[in-house]
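Encoded as structure tokens, the structure appears first; notes follow it.
The values are calculated or read from the model by the stated rules, or taken from the named source; none is laboratory data. The structure presented is a predicted model; accordingly, all values stated were derived computationally and were not measured. All Cβ positions, even for glycine, are placed from backbone atoms using ideal geometry, and neighbour counts span all protein chains on display. For the accessible areas, the whole protein counts, side chains as well, though only heavy atoms, and no ligand, DNA or RNA atoms are used. Shrake-Rupley method; radii C 1.70, N 1.55, O 1.52, S 1.80 Å.
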Amino acid sequence: MFCYQCEQTSKGEGCTKIGVCGKTADVAALQDLLIYTLKGLSLVANAARQHKLDVTEVSRFTLQAAFSTLTNVDFDPARFVALIAKCVALREGLKQKVKQAGGKAEFGHAAAAFTPAATSEAMAAQGEKVGVKAPAADADAQALRELLIYGLKGVAAYADHAWILGKKDESVYTFIHEALAATLNPALGVNDYLGLVLKCGETNLKAMELLDAGNTGAYGHPTPTKVPLGQRQGKAILVSGHDLKDLEEILKQSAGKGINVYTHGEMLPCHGYPELKQKYPHFFGHYGTAWQNQAKEFAKFPGAILMTTNCLQKPTDAYRDNIFTAGLVGWPGVRHIADTNFKPVIDKALGLTGFTADAPGKEVMVGFGRNTVMSVAGKVVELVKAGKIKHFFLVGGCDGAKPGRSYYTEFVEKVPQDCVVLTLACGKFRFFDQDLGEIDGIPRLLDVGQCNDAYSAIQIAVALSKAFNCGVNDLPLSMILSWYEQKAVAILLTLLFLGIKNIRLGPSLPAFITPNVLNVLVEKFNIAPIKTPDEDLKAILG
Ligand code: SF4
Ligand code: SF3
């Protein structure tokens, strides 16, 4: 086994026996084999497009399959065996169509002709040979190839979320196929890959724009909303992950049954969507914090739990019977709901005690998406010009279990009173319930949303740069980012594509980046690892 795709990777080098995330060696190898099979499918899809053939089914499959290999999504070997078989079947079917359309029968690489072995074990052995250590021009090209593949997994994830909400863009899927196929060429060098990773960032911007249109089109623009962190007496369902459609379905299907619905992790910002919060009075509040605390938090939740994509951890015995997975999420032996009929979740909630008494708690504010923030842009500009707001910090990204992540809590605590903190994604749980107060009616802590809402944060930065008549890099704005999985990699590539400089990244730099590649990123984008909150604040504010 060798996997180093996430921030949590063992010793900052690579997981070699079992993933720190809980991924087993066979699942790691099957995921590598699936990516390899997708590369072969991509070669055929590229040829099919040249012959103007319809590749809709192949595109959707590619998104789902790549998303399944994202960290903390699917740990079930059986699901990967099925995905690999389907990938080969789609590839062979598409080959026939290409041939009938007068195209070639050979695709120049073994990946397009590969046959999976008969057993899961033998397939895992095949996967071991085609993983991250496959030949490349040199170590730097290999590093950039893996950076590209992880970025593509992130793009696939966002494009899949968007597809579920009816938003599609052929250019996104075309690039994913072209880039996956390109990684099969061992002659590609550093400059080729640099071009591809920036194009990946550009494509991700499109995917995120689609997703933004999907979310706001279906559920309205988020508005400032207070979310209770306490509990209400009654039966309960907890929904975690990022899939708004699943949350909506749970709300619809559980209405009028005496069940209160709570969000967990990245679902918190969903309380800000008018079509969710205002339509369903039993959509009550938020429970718990970020994904890495789920074992502790889920064990104490007295209701049913639904895990949508992405960050699932190994369920403990304390709640194994109460948890369900949906969409692309999977854990061997955990009940999976593939068709959005959530009756089993509702029945489970009705059979459990629920909360036996009201337990009032704090409240947090969500709903500062681009629409809301832009509506007060004029006032914000005035406050900056009057010297009342000195600087903006975007403190966002993933959370995780490492102790170094307390940097982000401390950073926000130390941000001076005349500065505003924008945040998004699950890293916010390091400080989300702090009362940072207001500056002339503008809250000092603005929750832009999920990691899926990074498009909204980018639009806010662009709007501010227009209001100040300067470039985004010239704004009094600093990005202090934390990464964990491959959605964050895709967002980072988007920021680089947009030419955003001076990003501070932590808690540690990716293990797959070589010193030479890091030098390129530093030279071109002045990207820097986080130091201490004091040092970084001093360097930024002077
Ligand atoms: Fe290790 Fe991360 Fe890979 Fe899991 S996803 S095996 S923690 S590098
Ligand atoms: Fe978090 Fe998984 Fe990345 Fe959506 S829930 S940001 S880690």
> Do you know which residues across region 5-27 are farther than 20 Å from Ile149 by Cα, within 14 Å of ligand 2 (Cβ to nearest atom) and crowded, with 16+ Cβ neighbours inside 10 Å?
Replying inline: Val20
> Is it the case that some residue within region 45-56 is assigned to a helix (DSSP H, G or I), without any contact (Cβ under 8 Å) to a residue 40 or more places away in the chain and open to solvent by 10 Å² or more (accessible area, probe 1.4 Å)?
Replying inline: yes
> Cβ-Cβ below 6 Å, separation at least six or inter-chain, first residue in region 385-401 and within 16 Å of ligand 1 (Cβ to nearest atom), second part of a strand (DSSP E or B) and of a type outside the set (Val, Ile, Thr): which pairs?
Replying inline: Gly397/Leu481; Gly397/Ser482; Cys398/Ser482
> Within region 89-106, can you find the residues that are under 16 Å from Thr62 (Cβ atoms) and surrounded by 17 or more Cβ atoms within 10 Å (Cβ to Cβ)?
Replying inline: Leu90, Arg91, Leu94, Lys95
> Of (1) within 25 Å of Ala105 (Cβ to Cβ); (2) acidic (Asp, Glu); (3) touching a Phe, Trp or Tyr at 6+ places or on another chain (Cβ under 8 Å), Asp76 satisfies all except one. Which?
Replying inline: (1)
> With respect to Thr69, is the statement that it is within 16 Å of ligand 2 (Cβ to nearest atom), open to solvent by less than 10 Å² (accessible area, probe 1.4 Å) and touching a strand residue (DSSP E or B) at 6+ places or on another chain (Cβ under 7 Å) true?
Replying inline: no
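Results for (1) part of a helix (DSSP H, G or I); (2) closer than 18 Å to Lys414 by Cβ; (3) hydrophobic (A, V, I, L, M, F, W, C); (4) open to solvent by less than 50 Å² (accessible area, probe 1.4 Å), shown as yes or no for each residue.
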| site | (1), (2), (3), (4) |
| --- | --- |
| Ile480 | no, yes, yes, yes |
| Thr494 | yes, no, no, yes |
| Ile500 | no, no, yes, yes |
| Glu523 | yes, no, no, no |
| Ala539 | yes, yes, yes, no |
> Can you tell which of Arg430, Arg504 is open to solvent by 10 Å² or more (accessible area, probe 1.4 Å), farther than 22 Å from His161 by Cβ and within 16 Å of ligand 2 (Cβ to nearest atom)?
Replying inline: Arg430
> Does Asp399 qualify as being of a type in the set (Asp, Glu), within 30 Å of Pro77 (Cβ to Cβ) and surrounded by 16 or more Cβ atoms within 10 Å (Cβ to Cβ)?
Replying inline: yes
> Of all the strands (runs of 3 or more DSSP E) wholly in region 222-318, which have at least 2 residues that are hydrophobic (A, V, I, L, M, F, W, C), within 26 Å of Ala357 (Cβ to Cβ) and in contact with a Phe, Trp or Tyr (Cβ under 9 Å, 6 or more places away or on another chain)?
Replying inline: 235-240, 283-286, 304-307
> Is it the case that some residue within region 339-362 is more than 26 Å from Lys252 (Cβ to Cβ), touching a residue at least 24 places away in the same chain (Cβ under 8 Å) and surrounded by 19 or more Cβ atoms within 10 Å (Cβ to Cβ)?
Replying inline: no
>> Given the options Lys348, Lys314, Lys300, Lys343, name the one that is under 21 Å from the mean Cα position of the chain (by Cα) and charged (D, E, K, R).
In response: Lys314
>> Anything in region 273-307 that is touching a helix residue (DSSP H, G or I) at 6+ places or on another chain (Cβ under 6 Å) and open to solvent by less than 30 Å² (accessible area, probe 1.4 Å)? List them, or say none.
In response: Tyr273, Leu276, Tyr280, Phe283, His286, Gly288, Ala290, Trp291, Gly303, Ala304, Ile305, Leu306
>> Please go through region 472-504 and give me each residue that is over 20 Å from Glu202 (Cα atoms) and more than 16 Å from ligand 1 (Cβ to nearest atom), ordered by number.
In response: Asp474, Leu475, Pro476, Leu477, Ser478, Ile480, Arg504
>> With the requirement that a residue be hydroxyl-bearing (Ser, Thr, Tyr) and free of Cβ contacts under 8 Å to residues at least 60 places away in the same chain, what does region 501-540 give you?
In response: none
> Which residues, taken from region 435-461, are without any contact (Cβ under 8 Å) to a residue 24 or more places away in the chain and open to solvent by less than 50 Å² (accessible area, probe 1.4 Å)?
Replying inline: Gly437
> Hey, among Phe75, Phe107, which residue is within 16 Å of ligand 2 (Cβ to nearest atom) and among the hydrophobic types (A, V, I, L, M, F, W, C)?
Replying inline: Phe75
> (1) open to solvent by 10 Å² or more (accessible area, probe 1.4 Å); (2) within 30 Å of Pro515 (Cα to Cα); (3) more than 16 Å from ligand 1 (Cβ to nearest atom): which one isn't true of Leu38, the others all being true?
Replying inline: (1)
> Where residues in region 1-18 are among the charged types (D, E, K, R) and more than 8 Å from ligand 1 (Cβ to nearest atom), which of them is farthest from Gly506 (Cα to Cα)?
Replying inline: Lys17
>> Any residue at all in region 523-541 that's over 29 Å from Trp291 (Cα atoms), in contact with a Cys (Cβ under 9 Å, 6 or more places away or on another chain) and away from ligand 2 (no atom under 16 Å from the Cβ)?
In response: yes
